[in-house]
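Written below as structure tokens is the structure these notes are about.
The values are calculated or read from the model by the stated rules, or taken from the named source; none is laboratory data. In this text the structure is predicted, and so the values were computed from the model without any measurement. All Cβ positions, even for glycine, are placed from backbone atoms using ideal geometry, and neighbour counts span all protein chains on display.
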């Protein structure tokens, strides 16, 4: 080691020695108790995640069914969720086993009311033993294998006949799958109040789930994001960004012809401007179309606009400023107007479909 390094290290030790330290006698923590408490907290955290997951499934499935007439991408479901402790990575497997049990078979953790599995008599806690005469997979890859097996059975037979173990007694559940929009709704562990769509799926943060205290509010959020996917807003924004970037590129070329190197500044600005084109309008449209999805799902839409009054309490800047999203007052009023429109159609017995612009 060089003399410089020795001197530097000695100075660092001296400086650290001069730092202020705690003045009280802090209790020592036994490593065994710390490990035990960590295990308990993992179990608490996982239970909460499962509760959030269950709520998201309960709320989202009716919305995905309510939008099916407008969706091009569709899939079938019986309205159940299942898992085993081996589905989790090693760090969380102990907590999962404490909650789900050590059985390697898949356990039903959710049965959504109003969907075929519930109507067929499936219950939360049932163990999946067989599907359409084939033994249900177990172990580490069970989740993926069962999904593949069930999808093949639905495609082949048009029905799921599940053999389940309930209190060590076999029961048979028959469920004819129901068609829904094929946009999976997933939960992220982000604490921000947010939700978004990417054209293939819908993502809701845990922060949003905590903010959306009622299922009606969460339904509004999910229906809004489903509308983004169904109406092709993500692709439209990408197309607008490309168009804006092309216009900027022409300006960069003209500037280069005049001897000015812009470094692609006009292209970048054009892409940003293009991506934000009609952004506010797309948000309004997603609110509007999403309300129809809720109505078609048989959900209550009266009072749902109050979500945006509550949102203003955590984002007061949105009350008067619109950037890529509308202001909260404009969203509140537009949703109220859409609710009135839907109720007029319901009273008149008209189809509950969004009113489209006339094409000349």
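Below are the figures for this structure:
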| read-out | value |
| --- | --- |
| Subset tally (residues that are part of a strand (DSSP E or B) and either within 25 Å of the chain's Cα centre (by Cα) or surrounded by fewer than 12 Cβ atoms within 10 Å (Cβ to Cβ) (or both)) for region 173-188 | 8 |
| Residue among 312, 337 that alone is surrounded by 10 or more Cβ atoms within 10 Å (Cβ to Cβ), touching a helix residue (DSSP H, G or I) at 6+ places or on another chain (Cβ under 8 Å) and under 25 Å from residue 300 (Cβ atoms) | 312 |
| Some residue of region 316-328 being at negative phi, assigned to a helix (DSSP H, G or I) and loosely packed, with under 13 Cβ neighbours inside 10 Å | yes |
| Unique match (being within 18 Å of residue 125 (Cα to Cα) and outside the structural domain of residue 229 (by TED's automatic domain parsing)) among 21, 95, 45 | 95 |
| Residue 174 being over 30 Å from residue 41 (Cα atoms) and either in the same structural domain as residue 83 (by TED's automatic domain parsing) or modelled with pLDDT under 95 (or both) | yes |
| Filtered residue count, region 190-206, keeping only those that are over 18 Å from residue 58 (Cα atoms) and either in contact (Cβ under 8 Å) with a residue 60 or more places away in the chain or part of a helix (DSSP H, G or I) (or both) | 1 |
| Leading residue by the ranking (farthest from the chain's Cα centre (by Cα)) among those in region 106-124 that are assigned to a loop (DSSP other than H, G, I, E, B) and within 15 Å of residue 136 (Cβ to Cβ) | 122 |
| Subset of region 282-309 that is free of Cβ contacts under 8 Å to residues at least 60 places away in the same chain and in a helix (DSSP H, G or I) - its residue that is surrounded by the fewest Cβ atoms within 10 Å (Cβ to Cβ) | 309 |
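Here's the yes/no breakdown for (1) modelled with pLDDT under 95; (2) in the same structural domain as residue 212 (by TED's automatic domain parsing); (3) touching a helix residue (DSSP H, G or I) at 6+ places or on another chain (Cβ under 8 Å):
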position: 79; (1), (2), (3): no, no, yes
position: 118; (1), (2), (3): no, no, no
position: 124; (1), (2), (3): no, no, no
position: 127; (1), (2), (3): no, no, no
position: 133; (1), (2), (3): yes, no, no
position: 151; (1), (2), (3): yes, no, no
position: 157; (1), (2), (3): yes, no, no
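Residue-wise test of (1) free of Cβ contacts under 8 Å to residues at least 60 places away in the same chain; (2) touching a strand residue (DSSP E or B) at 6+ places or on another chain (Cβ under 8 Å); (3) assigned to a strand (DSSP E or B).
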{"residue": "98", "(1), (2), (3)": "yes, no, no"}
{"residue": "143", "(1), (2), (3)": "no, yes, no"}
{"residue": "150", "(1), (2), (3)": "yes, yes, no"}
{"residue": "155", "(1), (2), (3)": "yes, no, no"}
{"residue": "171", "(1), (2), (3)": "yes, yes, yes"}
